[in-house]
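Student: To start, I am sharing the structure in question, which I have written as structure tokens.
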Amino acid sequence: MIEKKTAAAAAIETKKELIAHVADEIWRFAELSLQEEQSAALFCDILEREGFQVERGICNIPTAFSASYGQGRPVIGLLAEYDALSGLSQQGGATQRLELIPGGCGHGCGHNLLGAGAMAAALGVKSFLEQNPQSGTVILYGCPGEEGGAAKAFMARDGLWYSLDAALTWHPEDCNEVVTGSSNSCIQVQYKFHGVPAHAAGDPDRGRSALDAVELMNIGVQFLREHMSDQARVHYAITDTGGRSPNVVQSEASVLYMVRANHVSEAIELQERVDKIAQGAALMTETTFERKFIDGLADTVTNHALEKVLYENFAAFGVPHYTEEELEFAEKLSNTYPGNDSLPGLGAAVERTFALEQVKPLRQRAGHAMNDFLLPLYQKDLFRPGSTDVGDVSWECPTAQIHVAAWPNGSPGHSWQNVSCGRTEIGHKAAVHAGKVLAATVIDLLTRPELLEQAKAEFERRTVGGFTSPIPQDAVPVVPD
């Protein structure tokens, strides 16, 4: 089996220029959530040429797709993302803030690499199936809108992931690790208040301020914070203040809320309380409001059985290696932000003392900004406060993921530094390496039935209560106004 995995990795290596090309083109497109038309088309065109059966616009999401190869079970899914972030346009390979397009977008979360690396894994598995004909199917899913839109969650609402025996993915990071633990569920709702305009001095009694309603709603939520779970979070952003003239009673104003809780049922309950506060704000100001559901994500169901298989393959393939020039670039880039001497991977550790003992000598031994070592495998039922729509997948089939170092230690999330590094050989190497680890793991799942049986048994135990989607049946993927 080692030889077969090595052959699949070699097949990926022969495609590394194609993988880098895809990563760089998506980096150049830098399309926002649910607008990834060029990115999705590029994937679909290339995958069709590579012999995959491609379906575009799956689940009624125009920029989503699936690309399958093989036949029969088991069916293993690979998850690709390719949306960018606003305001992060940046020249690639630069060690200072240099906008490529003023006010433009950029891949500050490395989704250009994520999508290319998932494609690399699919190419590796295809090569394996060609050389070793057997029952089994690999499907690469193009999942738009991770940064806002949550395509994977809408697909879960429609039951797509139940058709898989397992799903795997990866994410660019500043370290090399197998991800474990649960995350927060999350619901986003926009509230658009409508009032009556008036002269703020001449006839204020005739006005009804939508901006007052937004502010009162925010105050109400502030008082709610004392009476919710310690692990819950409520974030907000005023997206429309109604204008810039203080002598006008603002007749329009909007606020976007994000409600997080560890479990979907808790998030839905907390969201209902926020809705009631919006109703109260409207009553107090004699305004009206529209409630616009944006997206919702489930918490992540961990699967230790799959994580072990990923870790074995990660350990076997090692980590990416860098040239002196690449390390020099990473050092210069790391000097542009604080925290470059922090310890990586501690977000996954419950026993912080144990984590420090394990990670500190590894970090010290590295001697440079790139974390070129594999972190120890932590397998605890941990909790991460962030949210991801990979969580929704994990409620419908056994799911696991890895992180591969694609930028220097401590690089801030959603930063220009990440955008810059995503257009370098450091980023390319991360995508290729992730593809090899994921492909090897898929090969294990296709050829060793006992591994899938273990993963499914754990999945059934952890999801015995069933999946509750936070997304209403009539909702469609949208982005805030």
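Student: Report the extension gain between Asp205 and Asp481 in nm, rounded to one decimal, defined as 0.36 nm multiplied by the number of residues separating them, less their alpha carbon distance.
Tutor: Working it through step by step, the gained length comes to 96.4 nm.
Student: If packing is taken as the average number of other Cβ atoms within 10 Å across a peptide's residues, how do 424-434, 90-100, 124-134 rank, most packed first?
Tutor: Highest mean packing first, the order is 424-434, 124-134, 90-100.
Student: So how tilted is helix 352-366 from the main axis of the chain? Cα-based, degrees 0 to 90, rounded to 10.
Tutor: The angle comes out near 60 degrees.
Student: Now for a separate question. With r defined as the distance between the Cβ atoms of Asn335 and Val464 and R0 fixed at 51 Å, what FRET efficiency is calculated, to the nearest 0.05?
Tutor: FRET efficiency, Asn335 to Val464: 0.55.
Student: Another question, then. What do the square roots of 5 times the Cα gyration tensor eigenvalues come to for the range 185-296, in whole Å, largest first, as semi-axes of the equivalent ellipsoid?
Tutor: Values: eigenvalues 167, 30, 23 Å².
The three semi-axes for the range 185-296 are 29, 12, 11 Å.
Student: Another question about this same structure. For the chain, what relative contact order do you get, as a whole percent, if you take Cα pairs closer than 8 Å and at least 6 residues apart? Spell out each step's value before the answer.
Tutor: Numbers: 1128 pairs, mean separation 118.1, N = 481.
Value for the chain: 25 percent.
Student: Now for a different question. Note the angle between two axes, namely the Cα long axis of helix 37-49 and the longest principal axis of the Cα atoms of the chain, as a number of degrees from 0 to 90, rounded to the nearest 10.
Tutor: Result, in degrees: 20.
Student: May I pose another question? Counting only helical runs of four or more DSSP H residues, what would the 222 nm mean residue ellipticity of the chain come to if each run contributes -39,500 (n - 2.57) and the total is spread over all its residues?
Tutor: When only DSSP H runs of four or more count, the value is -13000 deg cm²/dmol.
Student: Report the full-extension gain for the segment Arg28 to Glu453: residue separation times 0.36 nm, less the Cα-Cα distance, to one decimal in nm.
Tutor: Gain on stretching Arg28 to Glu453: 148.8 nm.
Student: With both partners inside the range 66-198, how many of the DSSP beta bridges are antiparallel, as a percent to the nearest 5?
Tutor: On the way: 7 of 16 bridges.
Percentage antiparallel, nearest 5: 45.
Student: Another one. Contour minus end-to-end for Ile219 and Gln134, with contour as 0.36 nm per residue of separation and end-to-end as the Cα-Cα distance?
Tutor: Extra length available between Ile219 and Gln134 comes to 24.5 nm.
Student: Taking the Cα centre of the chain as the origin, how large is its charge dipole in debye, to the nearest 20, when only Lys and Arg (+1) and Asp and Glu (-1) carry charge on their Cβ atoms?
Tutor: Magnitude of the dipole: close to 440 debye.
Student: Rounded to whole Å, give me the distance from the Cα center of the range 129-181 to that of the range 46-106.
Tutor: Using only Cα atoms to place each centre, the spacing works out to 13 Å.
Since every read-out is calculated from the coordinates, none of them should be taken as a lab result. Note that the coordinates shown come from a computational prediction; the quantities given were computed from them, not determined experimentally. Every residue, glycine among them, receives a Cβ derived from its backbone with ideal geometry; neighbour counts consider all protein chains shown.
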